[in-house]
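S.K.: Structure below; questions to follow.
Since every read-out is calculated from the coordinates, none of them should be taken as a lab result. What you see is a predicted model, and the numbers here were worked out from it, not measured in a lab. All Cβ positions, even for glycine, are placed from backbone atoms using ideal geometry, and neighbour counts span all protein chains on display.
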Amino acid sequence: MLNFSFYNPTNIVFGKDQINNLDSLVPKNAKILITYGGGSVMDGTKFIAIASVADDYMGRESELLKFGFNPIPVEGAIPFGTVVTLPATGSEMNNGAVVTNEIDKLPIFSKFTFPKFSILDPTLTYTLPATQVANGVVDTFIHTVEQYVTYPVNAGFQDRTAEGILQTLIEVGKETIENPTNYDARANLVWCATMALNGLIGSGVPQDWTTHMIGHEMTALFGLDHAKTLAVVQPAIWKVRKSAKQEKLLQYAERVWNIKDGSEDEKIDRAILKTEGFFHSLGIKTKLSDYNIGEDGIQKIINSLEKHGMTALSESREVTLEVSEEILRKAL
Ligand code: ZN
């Protein structure tokens with residue numbers, strides 16, 4: 001296991017009618033600003049919370065958007081809490097955010113942007129459109145594999161927990177889309193989404209966020225839903241980087257999909273097919289051509305990756321622009 005520091009101060013208040021406890025979570029004399037919509041709103045709120053206390057914020061939005069890569073000093077943030085209405089991003093229990101201005105979609109992080117509390121009432125998500133629920137299942141799935149399908153470091157707890165999240169998503173994914181008021185199915189999705197990206201399964205293990213970095217460019221360029229970009233990119237990455245990820249892909253095949261027969265290669269190929277089949281069963285497509293993106297589009301994505309310095313991605317930094325291009329061609 002790799003060395004790590006794990007810190008997560010967010011108070012999670014989970015379950016039916018827990019919204020009634022909001023009174024006890026917000027100081028009586030607090031002045032309140034409310035923002036509303038879903039996962040992106042939680043992220044936007046983090047940006048507002050930092051930007052509001054930055055000294056000379058006016059006119060420096062683009063600089064502020066570079067917090068994650070080329071940070072300007074962040075001295076604090078307005079305290080905030082969240083009420084989750086869309087299970088997907090995990091933003092309710094982490095300090096990260098992805099923020100988009102007119103042209104860029106970039107991640108930001110700060111030690112000040114953990115929510116003070118998050119209320120997770122699964123019944124508040126019942127009215128989401130089916131496509132948003134499907135997106136949430138896929139986003140959560142990809143967050144998990146990006147911290148799991150890398151290379152082994154004998155992190156037994158993290159691996160088993162990641163596998164538990166993936167198997168739970170496979171069990172409840174279709175059910176919670178088709179029967180949105182099945183409380184147990186939805187509660188499991190909500191908790192999986194939070195646990196997939198609160199730092200726990202990512203502690204002490206290598207991580208590979210290639211899928212998200214390429215996907216962000218696709219959303220910014222073509223307006224595709226975040227999760228829909230991920231479902232296109234992830235299987236293609238595994239096909240192109242099969243040998244680099246051989247051991248963990250094999251573990252994924254055997255432990256998550258219970259594939260026991262065949263050669264190592266066959267097991268991995270079947271696991272990738274099973275993954276694509278799972279996304280399809282949720283109504284999510286897995287090819288660029290499904291969204292009418294061809295060679296031209298690939299070149300635009302590569303240009304954006306270059307512009308944002310995304311030229312050495314993955315757990316080994318070996319995903320250069322050339323490899324990204326190969327991945328996107330595989331997804332055509
Ligand atoms: Zn995501």
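S.K.: Between I19 and Q246, 0.36 nm times their residue separation minus their Cα-Cα distance comes to what?
M.R.: Separation in residues times 0.36 nm, less the Cα-Cα distance, equals 77.2 nm.
S.K.: Additional query: Counting other C-beta atoms within 10 Å, which of E318, E146 has the fewest, and how do the rest follow?
M.R.: With the sparsest Cβ surroundings first, the list reads E318, E146.
S.K.: Continuing with the same structure: Please give the length that would be gained between E75 and D261 if that part of the chain were fully extended, namely 0.36 nm times their separation in residues minus their C-alpha to C-alpha distance (nm, one decimal).
M.R.: 61.4 nm
S.K.: Please report the equivalent ellipsoid semi-axes of the range 114-210, computed as sqrt(5 x eigenvalue) of the Cα gyration tensor, largest first, in whole Å.
M.R.: Over the Cα atoms of the range 114-210, the ellipsoid semi-axes are 25, 14, 11 Å.
S.K.: So how tilted is helix 183-196 from the main axis of the chain? Cα-based, degrees 0 to 90, rounded to 10.
M.R.: The angle comes out at about 90 degrees.
S.K.: Please compute the modelled spin-label separation between F222 and L332, points set 7 Å along Cα→Cβ, answer in nm with one decimal.
M.R.: 1.3
S.K.: Students often get this wrong: which residues of the range 301-332 have the backbone nitrogen under 16 Å from the point 7 angstrom along Cα-to-C-beta of S289?
M.R.: Once the point is set 7 Å along Cα→Cβ of S289, 328-332 turn out to lie under 16 Å by backbone N, inside the range 301-332.
S.K.: Determine which lysines satisfy two conditions relative to K330: a Cα distance under 20 Å, and not lying fewer than 8 residues away in the same chain.
M.R.: K228, K239, K242, K245, K267, K274, K285, K287, K300
S.K.: Shifting gears a bit: Only helical DSSP H runs with n ≥ 4 go in: add -39500 (n - 2.57) per run for the chain, normalise by residue count and round the 222 nm mean residue ellipticity to 500 deg cm²/dmol.
M.R.: About -14000 deg cm²/dmol.
S.K.: Pairing the Cα long axis of helix 226-240 with the longest principal axis of the chain, what angle in degrees results, from 0 to 90 and rounded to the nearest 10?
M.R.: Value to nearest ten degrees: 30.
S.K.: Further, regarding this structure: Determine which lysines satisfy two conditions relative to K46: a Cα distance under 18 Å, and not lying fewer than 8 residues away in the same chain.
M.R.: K31, K66, K105, K111, K116
S.K.: Any idea what angle helix 264-281 forms with the longest principal axis of the chain, computed on alpha-carbon atoms, 0 to 90 degrees, nearest 10?
M.R.: 50
S.K.: Oh, and also: Can you sort K267, K174, K31, K248 so the residue with the fewest Cβ neighbours within 10 Å comes first?
M.R.: With the sparsest Cβ surroundings first, the list reads K31, K174, K267, K248.
S.K.: Taking Cα atoms of the chain, Rg/Rh with Kirkwood Rh, to two decimals?
M.R.: Rg/Rh: 0.95.
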